[in-house]
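**Q** Would you mind keeping the following structure in view while I ask a few things?
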Amino acid sequence: MAHLKRFYSDSAAPGGIIILDQAQSNHLKNVLRLKLGSTVEVFNNRNESYIAEIASISPKSPVKLKILSLVVANHSVSRIPHPVSPNITLACAIAKGSRMDWLVEKSAEIGMARLIPIITERTVVKPDAASKNKIARWHKLAVVAAKQTGQNAVLAIDNPIPFNQLTNIITNFSLSLIAVPNADKYLPEVLKKANLTGGNKILYLVGPEGDFTREEVAAAIKWGVQPVRLPVNSILRVETAAITMLGMLLYHFTSN
């Protein structure tokens, strides 16, 4: 069903009528210009997608869809068998301006599960009254990425937390890593020795411009996080390091 236009609603369920939110309704009506009775696909962030029919559409009201049938769990645009991807979470210092938007968009496209924005000693962008608006914008970008790439899960985005609060969640992961330019071991070496499977949960930490402080790295190691370096001969920006590391993590599980 890759040819059908895709929309997101967390309330999509068998045999029901769902109401699209303002952004989804606007896209359907004013961008795609779909009509009453048109068939679309709708996914619900629970690895389910459905065939639906436009049941109600008007200029000033949200669009209503009637669920017709289930497509398939774990829908994929690819017919090529592939290993089960690990559940990957990124804890990342907030990058400046549109660079964070880019990070969210690309990590969602690639298939990351969760993003935790963190506030470190050297983080330039600090949470403020506009943080809720930023989170909402990032969520919209994640939804668009899921729609475009055929995924039925939307990147989860947490509210920003101080670096030290990571100590409360480290134990939830099978493997935790922190990107450190001068670490003794490269990422591929650590992954090979970890002997992980596709069902494992992985957390990786990426610092701000100027990187983590020595104290932050020492604290992370004390919590059980392993320092790793990327096999590149340059200092990467926050968003570049985050996406590079994500790609290498996913590649590890398709090549072993």
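**Q** Could you please find all residues in the stretch 140-172 being farther than 22 Å from LEU103 by Cα and touching a strand residue (DSSP E or B) at 6+ places or on another chain (Cβ under 6 Å)?
**A** ILE170
**Q** I'm trying to understand the selection: among the residues of the stretch 225-255, which are in a loop (DSSP other than H, G, I, E, B) and either free of Cβ contacts under 8 Å to residues at least 24 places away in the same chain or within 17 Å of the chain's Cα centre (by Cα) (or both)?
**A** Passing the criteria: VAL232, ASN233, SER234, LEU236, SER255.
**Q** Kindly establish whether ASN172 is open to solvent by 40 Å² or more (accessible area, probe 1.4 Å) and within 14 Å of ALA91 (Cα to Cα).
**A** Yes.
**Q** If you don't mind, another one. So which residues in the stretch 136-162 are within 19 Å of ALA93 (Cβ to Cβ), surrounded by fewer than 16 Cβ atoms within 10 Å (Cβ to Cβ) and not acidic (Asp, Glu), if there are any at all?
**A** ARG137, ALA156, ASN159, PRO162
**Q** Checking PRO127 against (1) at pLDDT 95 or above; (2) open to solvent by 30 Å² or more (accessible area, probe 1.4 Å): exactly one of these is not met. Which one?
**A** (1)
**Q** Just wondering, is there one or more residues in the stretch 90-106 that are modelled with pLDDT of 85 or more, closer than 20 Å to TYR8 by Cα and either open to solvent by less than 50 Å² (accessible area, probe 1.4 Å) or of a type in the set (Gly, Ala, Ser) (or both)?
**A** yes
**Q** For the stretch 66-89, which positions are of a type in the set (Ser, Thr, Tyr), modelled with pLDDT of 85 or more and surrounded by fewer than 17 Cβ atoms within 10 Å (Cβ to Cβ)?
**A** SER69
**Q** Right, something else. Tell me, please, whether a residue that is β-branched (Val, Ile, Thr), in a helix (DSSP H, G or I) and under 11 Å from the mean Cα position of the chain (by Cα) can be found in the stretch 113-132.
**A** No: zero hits.
**Q** Next question, about the same structure. How many residues does the stretch 223-239 contain that are of a type in the set (D, E, K, R) and more than 15 Å from LEU177 (Cβ to Cβ)?
**A** Of the residues in the stretch 223-239, 2 are of a type in the set (D, E, K, R) and more than 15 Å from LEU177 (Cβ to Cβ).
**Q** Are any residues in the stretch 152-176 in contact (Cβ under 8 Å) with a residue 60 or more places away in the chain and within 20 Å of ILE243 (Cα to Cα), and if so, which ones?
**A** Result: ALA153, VAL154, PRO160, PHE173.
**Q** Then there's this: For the condition modelled with pLDDT under 95, part of a loop (DSSP other than H, G, I, E, B) and within 30 Å of PRO160 (Cα to Cα), what is the one hit in ARG33, ARG46?
**A** ARG46
**Q** Taking the residues in the stretch 1-42 that are of a type in the set (S, T, N, Q) and open to solvent by 50 Å² or more (accessible area, probe 1.4 Å) as candidates, determine which candidate is nearest to LYS140 (Cα to Cα).
**A** The qualifying residue nearest to LYS140 (Cα to Cα) is GLN22.
**Q** Scan the stretch 186-207 residue by residue and report those that are at pLDDT below 95 and assigned to a loop (DSSP other than H, G, I, E, B).
**A** Within the stretch 186-207, ASN195, LEU196, THR197, GLY198, GLY199, ASN200 qualify.
The values are calculated or read from the model by the stated rules, or taken from the named source; none is laboratory data. None of these values were measured; they are calculated from a predicted model. As a convention, Cβ positions derive from the backbone with ideal geometry for all residues, glycine included, and neighbour counts pool all protein chains shown. Protein only, heavy atoms only, side chains kept; ligands, DNA and RNA dropped before computing areas. Shrake-Rupley method; radii C 1.70, N 1.55, O 1.52, S 1.80 Å.
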